[in-house]
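S.K.: To start, I am sharing the structure in question, which I have written as structure tokens.
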Amino acid sequence: MSKTNLSGTHVFNSISWMLMQTGATKLTSILGQIVLAWMLEPAQFGLISLVYTVTSIGLIIQQFGLNDVLIRRQRAFTNWLPLSFGISWVFGFVSCIFLLVLGYVGSLVYKDHNIFVLVAFYALTTPLDALSVIPLTKLRIELDFKTLSVIRIMETVLTMFMTVALAYMGFGVYSFVIPPLVVSIIFLIVKYRVTHLKIHFNIHLRRWKYLTVSSSWSLINSIVQRVMDQADYIVLGLWVSKAIVGIYYMAFSLSIQVIGFVANNLPSVLFPSLASIKDSQRAKDMFKKSVTYLSVFGAAFAIWQGATAYWIVQVFLSAKWVQTISLVEILSVGMAFRAVAWLWSTPYRLKGMFAGMARQSFYGLIVMVILVLSGTLLWGVHGTAAGVSIFYIFISPIWLYNGFKLLGGTWKETVQVFVIPIPLAMLCYGSCWYFFRFLYLGANPVTAMILISVVGSGFYTGGIYLAMPDTFAEIKRLLFEKFPVVNGVKRLLTRN
């Protein structure tokens, strides 16, 4: 299909590929996480979470914002290739050295030399991952999300398989850092073979100014977002034991599943798709529909995971993780708001307003640090979770409105995606949670999970049907008529 004739259905088909990829990768990750939770101790999870606070910034520097800028200038992608490779080479090695320095500083701050050794493994992956940005961007520009999905699934499965295998063999926390290096080497080759690109080795320093201004602001935004993602771990790492950090890490990993399942890959589809549309009204309508669909599914998933956390931990995790339950319940409310606003930065990228996007993130970081630090000092790890949740409840509508208005959206249109799905989900799933948690205490954990899921989802679906009939009808049409797998099964069953 020509990009100039790009339809909403085509975009939805692209999203469906990414959703299938998300489902496969998240299922792999969750199963692997459960197995690792039985094999390893909370202190080991706490140690790797502290390593992630050190590596997260260095790993984002390797991209230098190239993905956003190249997608926005997709018509001249081939012309920018030599310069893009030069930037990737330089920042891949810069991020490698930077990570080693951060690893040494982190080992001093957290008083554990293992942190430097663990970070060193991640540092070796940065030049490889920096070079991977260009072929992955090419696939996004071509809207080849099928290939992207297959690559991501293969990477995730191989990484998790190696991690579990190494943990079983007694490698402990090192099981987390060896697989990414091996997988990066293998799939760097795969990505270039699939896209038929050749690696350039010239640096082209004189031409950097043509890409680095926009890339720099995109990089700053990414760094601030990464710091924001790690702020709670950094604060906890300075005030509590590694075991408590590990408990929080597991709780956050459970609560963030809504982003991974429902929202994470949507920007990578929507941004290149919107960049191909010249009609501003069509772009606004597509963005609004995407946010609305995200709010319907994201709110339900987030509140459901909080409502079932008490029984999920009992069924799938050992007793050493029971402290995660209340943390997941607190965090899941904030994650519902975060999921709904997940696309807030897409209009900034579409308009090339990378500086404005970075400023929004920076203001948010200040608010988050204040809330998380205050909560941690007052109430410990539960205060940390409350601070994170309150932050996303407060900042999500603001971020989404500031982005949506760039496409002509209003404050009323922004508020609508929050005021129906999230309260409705809290009412439907929350009432079921309250019944089994405090009124009927004798239910089997599996039975409780199933009933909360079925009854809560039934009430929620009915509520969406009554409160958002147009959205309900459109989602139903897309799911049963346009979703590739469903449509394929339907054709197979109706064949003569």
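The values are calculated or read from the model by the stated rules, or taken from the named source; none is laboratory data. Since this is a predicted model, take the numbers as computed values, not measurements. With ideal geometry, Cβ positions are generated from the backbone for all residues, glycine too; neighbour counts draw on all protein chains shown.
S.K.: Taking interchain pairs and intrachain pairs at least six residues apart, which have beta carbon atoms under 6 angstrom, with the first residue in the range 342-367 and over 14 Å from PRO397 (Cα atoms) and the second of a type in the set (Ser, Thr, Tyr) and part of a helix (DSSP H, G or I)?
M.R.: Partner pairs satisfying both residue conditions: PHE354/SER214; PHE354/SER218; GLY356/TYR348; MET357/TYR348.
S.K.: Let me ask something else. Give me the pairs: first residue in the range 281-304 and closer than 12 Å to PHE337 by Cα, second residue among the polar types (S, T, N, Q), beta-carbon distance under 8 Å, and six or more apart or on different chains, which are they?
M.R.: Every condition considered, the pairs that remain are VAL296/THR471; ALA300/SER457; PHE301/GLN257; ALA302/SER255; ALA302/SER332; ILE303/SER332.
S.K.: Here's another thing I want to ask about it. When you go through (1) over 28 Å from ASN221 (Cα atoms); (2) in contact with a Gly (Cβ under 7 Å, 6 or more places away or on another chain); (3) hydroxyl-bearing (Ser, Thr, Tyr) one by one for TYR348, which number turns out not to apply?
M.R.: Of (1) over 28 Å from ASN221 (Cα atoms); (2) in contact with a Gly (Cβ under 7 Å, 6 or more places away or on another chain); (3) hydroxyl-bearing (Ser, Thr, Tyr), only one is false for TYR348: (1).
For (1) among the acidic types (Asp, Glu); (2) at pLDDT 85 or above; (3) surrounded by fewer than 21 Cβ atoms within 10 Å (Cβ to Cβ), each residue gets a yes or a no:
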{"site": "HIS196", "(1), (2), (3)": "no, yes, yes"}
{"site": "ASN221", "(1), (2), (3)": "no, no, no"}
{"site": "ASP229", "(1), (2), (3)": "yes, yes, yes"}
{"site": "LEU238", "(1), (2), (3)": "no, no, yes"}
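S.K.: Could you tell me how many of the residues in the range 239-257 are assigned to a helix (DSSP H, G or I) and out of contact with any Phe, Trp or Tyr (no Cβ under 8 Å at 6 or more places or on another chain)?
M.R.: Looking only at the range 239-257, we keep the residues that are assigned to a helix (DSSP H, G or I), and these are 239, 242-255, 257.
Adding the requirement that they be out of contact with any Phe, Trp or Tyr (no Cβ under 8 Å at 6 or more places or on another chain) leaves 239, 242-244, 251-255.
Of the residues in that region, 9 qualify.
S.K.: A further question on this structure: Does at least one position in the range 354-362 carry a residue that is under 26 Å from ILE422 (Cα atoms) and in contact with a Lys or Arg (Cβ under 9 Å, 6 or more places away or on another chain)?
M.R.: Going through the range 354-362, the residues under 26 Å from ILE422 (Cα atoms) turn out to be 357, 360-361.
Pick out the ones that are also in contact with a Lys or Arg (Cβ under 9 Å, 6 or more places away or on another chain) and you get 357.
The answer is yes; a qualifying residue exists.
S.K.: Kindly evaluate ALA123 against the criterion of being on the phi < 0 side of the Ramachandran plot and either more than 20 Å from the chain's Cα centre (by Cα) or not small (Gly, Ala, Ser) (or both).
M.R.: For ALA123, the condition - on the phi < 0 side of the Ramachandran plot and either more than 20 Å from the chain's Cα centre (by Cα) or not small (Gly, Ala, Ser) (or both) - is met.
S.K.: Here is a check on your reading of the model: is ARG152 free of Cβ contacts under 8 Å to residues at least 12 places away in the same chain, in a helix (DSSP H, G or I) and out of contact with any Leu (no Cβ under 8 Å at 6 or more places or on another chain)?
M.R.: When the stated conditions are applied, ARG152 does not pass them.
S.K.: Right, here's the next one. Is there any pair linking a residue in the range 439-459 that is over 12 Å from TRP311 (Cα atoms) to one that is part of a helix (DSSP H, G or I) and of a type in the set (Phe, Trp, Tyr), with Cβ under 6 Å and at least six apart or on different chains, and which?
M.R.: Taking only residues 6 or more apart or on different chains, the pairs are GLY456/TYR429.
S.K.: Only one of PHE161, PHE121, PHE93 is part of a helix (DSSP H, G or I) and over 30 Å from PHE261 (Cβ atoms); which?
M.R.: On the way: PHE161 fails: over 30 Å from PHE261 (Cβ atoms); PHE121 fails: over 30 Å from PHE261 (Cβ atoms).
Selected residue: PHE93, the only one of PHE161, PHE121, PHE93 that is part of a helix (DSSP H, G or I) and over 30 Å from PHE261 (Cβ atoms).
So that you can scan it fast, the table gives a plain yes or no per residue for (1) surrounded by fewer than 16 Cβ atoms within 10 Å (Cβ to Cβ); (2) under 26 Å from the mean Cα position of the chain (by Cα); (3) modelled with pLDDT under 85:
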site: GLY65; (1), (2), (3): no, yes, yes
site: VAL69; (1), (2), (3): no, yes, yes
site: ASN79; (1), (2), (3): yes, no, yes
site: ILE87; (1), (2), (3): no, yes, yes
site: PHE91; (1), (2), (3): no, yes, yes
site: VAL94; (1), (2), (3): no, yes, yes
site: LEU99; (1), (2), (3): no, yes, no
site: LEU108; (1), (2), (3): yes, no, no
site: LYS111; (1), (2), (3): yes, no, yes
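S.K.: While we're here: Tell me, which residue of the range 140-177 that is surrounded by 18 or more Cβ atoms within 10 Å (Cβ to Cβ) and small (Gly, Ala, Ser) is modelled with the lowest pLDDT?
M.R.: SER149
S.K.: Run down LEU424, LEU407, LEU377 and say which single residue is touching a residue at least 24 places away in the same chain (Cβ under 8 Å), in contact with a Gly (Cβ under 8 Å, 6 or more places away or on another chain), of a type outside the set (S, T, N, Q) and within 29 Å of ASP285 (Cα to Cα). Steps first, please.
M.R.: Working: LEU407 fails: in contact with a Gly (Cβ under 8 Å, 6 or more places away or on another chain); LEU377 fails: within 29 Å of ASP285 (Cα to Cα).
From the options LEU424, LEU407, LEU377, the qualifying one is LEU424.
S.K.: Restricting attention to the range 125-134, does a residue exist that is modelled with pLDDT of 80 or more, touching a Cys at 6+ places or on another chain (Cβ under 7 Å) and crowded, with 18+ Cβ neighbours inside 10 Å?
M.R.: Checking the range 125-134: at least one residue is modelled with pLDDT of 80 or more, touching a Cys at 6+ places or on another chain (Cβ under 7 Å) and crowded, with 18+ Cβ neighbours inside 10 Å.
S.K.: Additional query: Assess whether GLY442 counts as being under 30 Å from LYS288 (Cβ atoms) and either in a helix (DSSP H, G or I) or more than 28 Å from the chain's Cα centre (by Cα) (or both).
M.R.: No.
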